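The values are calculated or read from the model by the stated rules, or taken from the named source; none is laboratory data. All values reported here derive from a predicted model rather than from experimental measurement. Here the Cβ positions follow ideal geometry from the backbone for every residue, glycine too, while neighbour counts run over all protein chains shown. Only protein heavy atoms, including side chains, enter the accessible area calculation; ligands, DNA and RNA are left aside. Shrake-Rupley method; radii C 1.70, N 1.55, O 1.52, S 1.80 Å.
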Amino acid sequence: MTEDYFSFTDKIFDRSGNFEKPEALEGIRVLDLAHVIFGPVISKWLALYGAEVIKVEEPEEGDPWRTASYWAKYWKDSAPFFQSFNPNKYYVGVDLKKQKGKELILELAKKSDVVVENFRAGLVEAWGIGYTTVSKINPRVIYISCSGYGQWGPLRFFPSWDLIAQSMSGVARLTGFGGNETYKLPDYYGDFYPGLIGAISVLAALNHREKTGEGQFIDMTQTETLMRMMHNWFYMELAGEDLKNTGNVDPSMAPSGIFKTRDEKFVAIAIATDEQFMALMNAMDRKDLMTDTRFMESSMRLKEDNADRICAILEEWVHSKTESEIIESAKEKGFAAAPVMDDLRMFNDEWRRERGSLVHFEDDMYGKGTWPGTGVALQKTPERFKSLSRPVGYHNHYIFQTLLGLSKEELTKLEKDHVIGYWGNRVGQKPPDYYDMEKDPIFNFERGERR
Amino acid sequence: MKEETKKTQAYSRHLISKEASEHLDNFNALLSEMMASAEGKPEALNGVTVVEVGQANYPGIISSCMLAEFGAEVIKVEPPEGDPARKISQYGVNVNGDGIPFLMESRNKNFITLDLKTEKGRANFKKLIGKADVLIDAMRPGFMDELGIGYRQLHQMHAGLIYLAISPYGHFTKKGKEFRNIPDTDLTAQAEAGYPALIGDPEKPEPRNYPLKAGVWAAAYMSAGLAVAGTLTALFFKQRTGEGQMVDVPTYDAISTWQGFSHVWGFTFEMPRVRVGNFDWCLFPYGYYETQDGYVSVAAAADADFRGLLKLLGRWDLENDWRFLYDRITDNVEKLKELEAEIKKKLAKIKSRELVKKALDYSSKAAKDPIRGKGFPIIVETLLPRQVLEEDHWKIRNAFVKVDVEKDGTLQYPSSVPKMSVSPPRVKKINCGIGVDNEKIYTKYGLDK
C-alpha cells in the first residue's frame with residue numbers, strides 16, 4: 001500500500017532538523033539602511049533564509065519603530081513589533097551625516113550584494129551613498145530604494161506612510177459600506193505588502209545577477225504596488241462606473257459575506273464556482289435552488305439582485321447553525337467557510353505552531369518567545385530564527401573589526417568623533433534591564449579597554 | 001519644475017545642497033531612462049519555465065502572473081472546459097467570458113489544455129514538467145498525488161523541480177489533511193487570518209458593526225506574494241546547487257503571519273485586540289477625516305508632527321489641555337475619542353485642497369528650521385480610484401499601460417512593479433482564451449497532440 005500523502009509531506013516538512021539544513025541565501029550580504037516597516041521587512045525575508053543583514057541606525061536615535069508600540073507598551077525594554085520584523089540582523093550605529101560615516105557605509109556597500117534603503121526619495125544620493133556612487137565601487141550591487149511614490153515624478157519628494165500610500169492609490173476608499181464610512185487596511189498593509197514585493201524584486205535581481213553578473217537599481221514604491229492589486233481600473237473601464245463598496249460582500253463571488261452564527265460567532269463564506277455552489281446547497285439541504293435559473297450558474301448568481309437574494313438565504317441558514325456545525329459541513333461538502341479568527345485564537349492555534357508560522361525560540365538576550373515567521377515552508381532550505389533584535393550599535397566592534405578590518409584604536413577614534421555610536425538611554429533602544437552588557441562577548445568583541 | 005515640486009523638494013535641506021546636485025543629476029538621468037518602456041531590455045527570469053495548474057485558486061494565478069511579468073515562460077494548464085476562475089468577476093463583468101481578475105492576472109502567460117484525468121494527458125504533463133523549473137500546484141492538496149503527478153512522483157523523475165503548493169491550510173499538518181477539501185477564496189482567507197476582526201466600527205448598528213472584510217483582495221495578493229518570494233528563494237538555491245524542493249504556502253495564514261502583529265499581540269498580551277474603528281493601535285492621528293468637501297488622510301503621529309498639526313489647524317490651545325497632556329497613545333480610547341472629536345470639528349470646516357496646502361506650506365517651512373523640531377504633519381486627499389488616474393505623477397511614471405486584449409481592443413493595466421534599471425518586469429501580451437497556445441507549446445515541448 002502506498003503511504004498516505006500527508007504522512008509523506010509531514011515527513012519532508014518535519015521541522016526538527018531545520019538547523020541542519022542548508023540556507024538558500026547563504027553568502028548574500030545585505031546592507032540595510034532602512035527604517036520603520038517597508039524597508040526592514042525586505043531584509044526580514046532575506047535574513048530568515050540565510051542572508052547576512054547589517055542594519056545601520058543613527059546613534060542615540062535608532063530606527064523610529066523601536067519606540068513605537070501598541071498603546072505604548074513594551075516587552076523587556078523593547079517594542080515587540082519591532083522585534084518581529086528585525087530578527088537575525090547585525091546592528092551597527094553610524095552617523096550618515098558625517099563624512100567619516102559615509103565612508104564607512106561605502107566600505108560596507110563595497111562588500112555587500114544588496115543595499116536596502118527607504119529614506120525620502122533622493123536623500124541617499126544627496127548624501128553620496130546612493131546607487132550612482134555605490135555602483136561605481138561595486139558594479140554587481142543590487143540597490144533597492146523604497147519610497148511612497150517612486151524616485152521620479154513630481155510627487156517624489158513628498159513623504160509617505162502606509163496610510164498615505166493607501167490614500168494616494170485609492171485603496172483607502174474601498175473598505176466599508178460606502179457613504180461617509182471608509183476603513184484602512186489594518187496593521188500597515190501598505191508597508192508589509194509592498195515590502196514583500198520588494199523582497200521579490202531583490203530575489204529576481206539576484207537570480208538575474210547569478211546568470212549574468214549584472215547588478216541593478218530598483219525603484220520600489222508603496223503606491224504603485226497597491227495600484228497593481230486593485231480590480232477597480234478594469235471595472236471602471238468595462239462597466240463605465242465606479243465599483244461600489246459592498247461591506248462584507250465580495251461582488252465577484254455569490255453568495256459571499258460574513259454572517260453571525262447561532263452561537264453568536266462570525267463566519268465568512270464565499271462561493272467561487274458552480275461546483276462549490278452545489279456543495280453549499282447540499283449542505284443547506286436546498287436541492288430546489290440547485291436548478292433555480294437565478295442561481296445555478298455563476299453568470300446569473302453574480303447579478304446584483306440574485307446575489308442579494310442568495311446571500312439573504314445563506315444568512316438565514318448561518319443564523320440557525322453554530323460555528324463548528326458550519327465548518328464541519330464545509331470540510332465535508334467542500335465549500336469555503338472560515339471562522340473570523342482573533343489575535344489570541346490564532347496565537348493559540350496548534351496548526352500555526354505545527355506549520356512553523358509561529359516559531360518558539362530562545363534568544364540569548366531576550367529569552368523565550370514565540371514569533372511570526374514568513375508562513376511559507378521551504379522543504380530543503382527552511383527559514384530559521386537565530387536571534388532577535390539588538391540595541392543600537394551592538395555589533396559595531398564585531399562588524400567593523402571582522403568585516404572592515406578596523407583596529408581597536410581606529411574604532412575608539414570613531415567613537416570619540418561620534419561617527420559610530422550606540423543606543424540612547426530610552427526604552428526600545430537600550431538592552432533589557434536585567435542584561436549585563438559588560439559580560440556580552442559580541443558587544444565586547446576584542447574590545448580590550450572599555451570606551 | 002512646478003512650484004509645488006520645489007516646495008516638496010524643500011522637505012529636506014540635503015536635497016538642495018550644492019554637493020548633492022551632481023549625484024542627483026546622474027541619478028535623474030538613470031531614472032528618466034528607467035521610466036521608459038521595458039521593451040528590448042533583458043528579463044530577470046528569462047529561461048525559467050513555470051507550469052501552473054489550479055482550480056479557481058487566485059493566489060496560484062496571481063503568483064504565476066508575477067513570475068511571467070519578470071520574464072518566466074508561464075504555461076497555464078487547464079482542463080478542456082477551462083479553469084472556473086475565469087468566471088469569478090465583479091457582478092459578472094467579462095470580456096469573452098473572462099472576468100476582471102482573470103484578465104488582470106493573465107499577463108504574458110501561455111494557455112494550454114491538457115486533460116489530466118486521461119493517461120495521455122498525464123503523459124504529456126510529465127513531459128512538460130520534465131522541462132520545467134517550477135510547478136505551481138493550486139489544486140486541492142493531494143489531488144495531483146492521487147493522479148500520480150504530485151511532488152512525491154515528480155521529484156523522482158526531476159530532482160531540480162521546484163514544486164510550489166498553494167492551498168488554504170497547506171499540504172502538511174493534521175489540520176491541513178482534515179481541511180483539504182475547503183477551497184480558497186480571498187474572503188475566507190481574510191477571516192481565518194483574523195483580518196476582519198480588526199476592521200469596522202463596533203458602534204455601528206447591526207449588521208454594520210460586524211467584523212468587516214478588506215475591500216480589496218488583501219489575502220489573495222499577500223498569499224501570491226509569499227508564494228513568489230518562496231519560489232524565487234528556492235530558485236536561487238537551485239541555481240547554486242541544482243536542487244529543487246517543495247514550497248508550501250497556506251493562503252489562510254498569509255496576512256496573519258507576514259504582518260505578524262496579531263501573533264505578537266497574542267504572545268505579549270494574551271488577549272485579542274478590540275476593534276477601534278479608524279483608530280490605529282500605535283499611532284495618532286493616523287486615519288481618514290471628513291472635510292468640508294471630501295476626505296483627507298492625516299498622518300501626524302510623532303510628537304513634533306502632532307504639534308505641527310495643532311499649529312496649522314489653529315488649535316495650539318489643545319497642546320496644553322490637561323486631558324491630553326500625557327501620552328496621547330494611552331490605553332484610554334475614550335480620551336483619544338475626545339481629542340479626535342476636537343480635531344474632526346476643525347477639519348470639517350476646511351476644504352480638502354486647502355488642508356493639503358496648509359500642511360505642505362507648514363512642512364516646507366519646518367524643514368528649514370535648524371533644529372528640525374517642528375515636525376512634518378502629512379495631509380493628503382483620500383482619493384477615489386478615478387481621481388488617482390488623473391494624477392500627472394503616474395502618467396510621467398507610466399504607471400498605467402494600454403494593452404491589447406484578444407480581439408477586443410485595449411485595456412488599461414496598472415504597470416508591473418517595481419521599476420528596475422536592468423531587467424524590469426513588464427506586461428507584454430494578453431491572450432487568454434482556453435487553449436490558445438496549444439499549437440505553439442505542444443510543438444515546443446514535444447507533447448502528443
Taking A:P186 as the residue in question, decide whether it is surrounded by fewer than 24 Cβ atoms within 10 Å (Cβ to Cβ) and within 7 Å of chain B (Cβ to nearest Cβ). no
Residue satisfying all of: in region B:91-112; over 24 Å from the mean Cα position of the chain (by Cα) and either charged (D, E, K, R) or surrounded by fewer than 19 Cβ atoms within 10 Å (Cβ to Cβ) (or both); farthest from A:P255 (Cα to Cα) among these: B:N96
Just one listed residue, out of B:T291, B:T257, B:T233, B:T241, is surrounded by 24 or more Cβ atoms within 10 Å (Cβ to Cβ), polar (S, T, N, Q) and either under 30 Å from B:M157 (Cβ atoms) or more than 7 Å from chain A (Cβ to nearest Cβ) (or both), and it is B:T233
Every residue in region A:210-247 that is under 27 Å from B:T188 (Cβ atoms), part of a loop (DSSP other than H, G, I, E, B) and within 25 Å of the chain's Cα centre (by Cα), please. A:M229, A:M230, A:H231
Please go through region A:402-439 and give me each residue that is free of Cβ contacts under 8 Å to residues at least 40 places away in the same chain and among the charged types (D, E, K, R), ordered by number. A:E409, A:E410, A:K413, A:E415, A:K416, A:D436, A:E438, A:K439
Just to check your reading of the model, which residue among A:F277, A:F347, A:F266, A:F259 is within 22 Å of the chain's Cα centre (by Cα) and of a type outside the set (K, R)? A:F347
Condition broken by B:V53, with the remaining ones in (1) in a strand (DSSP E or B); (2) free of Cβ contacts under 8 Å to residues at least 24 places away in the same chain satisfied: (2)
Given (1) in contact (Cβ under 8 Å) with a residue 12 or more places away in the chain; (2) in contact with a Gly (Cβ under 7 Å, 6 or more places away or on another chain); (3) over 30 Å from A:K11 (Cα atoms), index of the condition A:I399 fails: (2)
For B:D248, only one of the following conditions fails: (1) buried (at least 24 other Cβ atoms within 10 Å of the Cβ); (2) touching a Leu at 6+ places or on another chain (Cβ under 7 Å); (3) facing chain A (nearest Cβ under 7 Å). What is its number? (2)
Sort out which residues of region A:61-89 are facing chain B (nearest Cβ under 10 Å), open to solvent by 20 Å² or more (accessible area, probe 1.4 Å) and closer than 17 Å to A:Y422 by Cα, and write them in order of number. A:P64, A:T67
Scan of region A:194-218 for residues that are in contact (Cβ under 8 Å) with a residue 40 or more places away in the chain, over 21 Å from A:M229 (Cβ atoms), more than 7 Å from chain B (Cβ to nearest Cβ) and not small (G, A, S), ordered by number: A:R209
Scan region A:429-442 and tell me whether some residue there is in the same structural domain as A:K98 (by TED's automatic domain parsing), surrounded by 12 or more Cβ atoms within 10 Å (Cβ to Cβ), polar (S, T, N, Q) and within 18 Å of A:K55 (Cβ to Cβ). yes
Looking only at region A:329-381, count every residue that is among the charged types (D, E, K, R), more than 7 Å from every other protein chain (Cβ to nearest Cβ) and under 19 Å from A:D14 (Cα atoms) and tell me the total. 3
What is the residue count in region B:417-435 for residues that are in a loop (DSSP other than H, G, I, E, B) and either more than 7 Å from every other protein chain (Cβ to nearest Cβ) or open to solvent by 50 Å² or more (accessible area, probe 1.4 Å) (or both)? 11
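Buried (at least 18 other Cβ atoms within 10 Å of the Cβ) and on the phi > 0 side of the Ramachandran plot: does that describe A:G39?
Values: buried (at least 18 other Cβ atoms within 10 Å of the Cβ): yes; on the phi > 0 side of the Ramachandran plot: no.
It is false that A:G39 is buried (at least 18 other Cβ atoms within 10 Å of the Cβ) and on the phi > 0 side of the Ramachandran plot.
Quick one: which helices (runs of 4 or more DSSP H) sit completely within region B:144-201 and have at least 3 residues that are assigned by TED's automatic domain parsing to the domain that holds B:P250 and either within 17 Å of A:W351 (Cα to Cα) or open to solvent by less than 10 Å² (accessible area, probe 1.4 Å) (or both)?
Values: elements: B:151-157, B:174-178, B:186-192.
Ranges flagged: B:174-178, B:186-192.
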Scanning region A:161-183 residue by residue, those under 21 Å from A:K44 (Cα atoms) and either open to solvent by 10 Å² or more (accessible area, probe 1.4 Å) or at the interface with another protein chain (Cβ under 7 Å from one of its Cβ atoms) (or both) turn out to be A:W161
Of the residues that make up region A:261-268, is at least one open to solvent by less than 40 Å² (accessible area, probe 1.4 Å) and part of a loop (DSSP other than H, G, I, E, B)? yes
Residue in region B:28-46 that is in a loop (DSSP other than H, G, I, E, B), open to solvent by 20 Å² or more (accessible area, probe 1.4 Å), free of Cβ contacts under 8 Å to residues at least 24 places away in the same chain and more than 7 Å from chain A (Cβ to nearest Cβ) present: yes
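Can you find a residue in region A:90-100 that is farther than 18 Å from A:G393 by Cα, crowded, with 19+ Cβ neighbours inside 10 Å and of a type outside the set (A, V, I, L, M, F, W, C)? I'd like the intermediate steps shown before the answer.
Taking region A:90-100 and keeping what is farther than 18 Å from A:G393 by Cα, we get A:99.
So of that shortlist, the ones also crowded, with 19+ Cβ neighbours inside 10 Å come out as none.
So far as region A:90-100 goes, no, none of its residues is farther than 18 Å from A:G393 by Cα, crowded, with 19+ Cβ neighbours inside 10 Å and of a type outside the set (A, V, I, L, M, F, W, C).
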Looking at region B:122-143, which of its residues are within 26 Å of B:I182 (Cα to Cα), assigned to a helix (DSSP H, G or I) and open to solvent by less than 10 Å² (accessible area, probe 1.4 Å)? B:F125
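Can you pull out every residue in region A:232-247 that is surrounded by 23 or more Cβ atoms within 10 Å (Cβ to Cβ) and within 30 Å of A:E315 (Cβ to Cβ)? Break it down into steps so the answer makes sense when it comes.
Taking region A:232-247 and keeping what is surrounded by 23 or more Cβ atoms within 10 Å (Cβ to Cβ), we get A:232-234.
Of everything in region A:232-247, those that are surrounded by 23 or more Cβ atoms within 10 Å (Cβ to Cβ) and within 30 Å of A:E315 (Cβ to Cβ) turn out to be A:N232, A:F234.
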Region A:287-325 - residue that is over 16 Å from A:P339 (Cβ atoms) and of a type in the set (K, R) and, of those, farthest from the chain's Cα centre (by Cα): A:K287
Given the conditions (1) open to solvent by 10 Å² or more (accessible area, probe 1.4 Å); (2) out of contact with any strand residue (DSSP E or B) (no Cβ under 8 Å at 6 or more places or on another chain); (3) without any contact (Cβ under 8 Å) to a residue 60 or more places away in the chain, every one holds for A:K321 apart from (3)
